Amino acid sequence: MSVADRIREFWDQDATTYDLDAGHHPTSALVRAAWRASLQDLLPPESARVLDVGAGTGFISLLLAELGHRVTAVDVSSGMLGRLRAKAEAAHLMVEAIRADATMVPAGPFDVIVSRHLLWTLVDPLEALRRWRAVAPEGGLVLIDRTVSDRGVTQSLRKIGHRALDLVRSRPPAHHASYDAEVLRALPLAQGSGPEVIVRLVTRAGWTGAEIRRLHDVDWAIAQEQPLLDRLVSDGAHFAVQAHARSRARAVDSEDRGQLPAGA
């Protein structure tokens with residue numbers, strides 16, 4: 001079985017318990033409000049055609065649909081997308097759900113590409129970013145992630161703390177299992193990546209004007225809902241990397257030229 005098949009099988013199995021973790025599918029009204037406000041700030045105010053890559057069970061896709069955007073959700077797992085479709089139907093929201101690899105996304109064109117917590121599990125994140133730029137030639141990019149690293153003593157202690165709290169509270173872990181060693185070796189970002197790594201990748205893929213935005217409201221809202229022990233072992237801060245498919249300077253110049261009188 002190929003690495004890609006094993007990754008798809010992993011997430012199909014994970015779909016049954018994925019939403020039990022509050023980090024994957026927040027149910028708190030406070031946390032959802034913080035995410036909604038952050039997405040409003042990151043995306044255009046008017047209705048946009050949005051591609052959510054690695055949509056999972058649809059937390060971001062459904063919030064974007066609530067905000068009035070026209071959303072296409074892509075994921076490698078049919079199990080995840082089945083749950084997304086059920087949620088969309090229950091909420092009377094329109095989301096087009098397509099099973100596809102991150103490098104084989106629909107042709108678009110899209111106004112914005114959105115992805116949350118996905119790059120770490122891609123075999124070729126650079127190629128994925130290039131493909132996303134190709135289907136949003138006049139659009140923007142919003143990558144949402146956390147400053148988490150699998151390296152170092154601090155992260156190891158956090159993992160131990162998470163497992164201990166799960167056992168004490170008899171709650172299911174965030175995932176049904178972990179990737180095996182062979183899959184992890186195939187993923188260049190499996191050990192975690194900070195915003196500086198993502199900005200470099202985005203720039204290499206041809207996106208321009210990359211900016212980093214801390215999602216303070218999301219982290220604040222999560223902290224209000226967490227017991228003290230959970231806060232002590234919580235993962236890193238949420239951030240977003242925004243970029244554009246072409247430079248703003250060129251876009252403005254092209255628009256200005258389009259308004260010049262004929263023969264100018």
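At-a-glance table
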item	result
Listed residues 238, 92, 216 arranged by accessible area, highest first, probe 1.4 Å	92, 216, 238
For q = 0.16, 0.18, 0.21 Å⁻¹, Debye-computed log10 I/I(0) when each Cα of segment 1-136 counts as one equal scatterer	-0.81, -1.03, -1.39
Spatial separation of Cα centroids for segment 177-220 and segment 33-111, in angstrom	20 Å
Residue order for 127, 138, 225 - accessible surface, 1.4 angstrom probe, largest first	138, 225, 127
Inter-label distance for residue 197 and residue 22, nm, one decimal - labels placed 7 Å from Cα along Cα-to-Cβ	2.7 nm
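The values are calculated or read from the model by the stated rules, or taken from the named source; none is laboratory data. On a predicted model such as this, the values are computed, not experimentally measured, just so you know. No Cβ is skipped: glycine too gets one built from the backbone with ideal geometry, and neighbour counts run over all protein chains shown. Please note that ligands, DNA and RNA were not included when accessible areas were found on the heavy atoms of the full protein model with its side chains. Shrake-Rupley method; radii C 1.70, N 1.55, O 1.52, S 1.80 Å.
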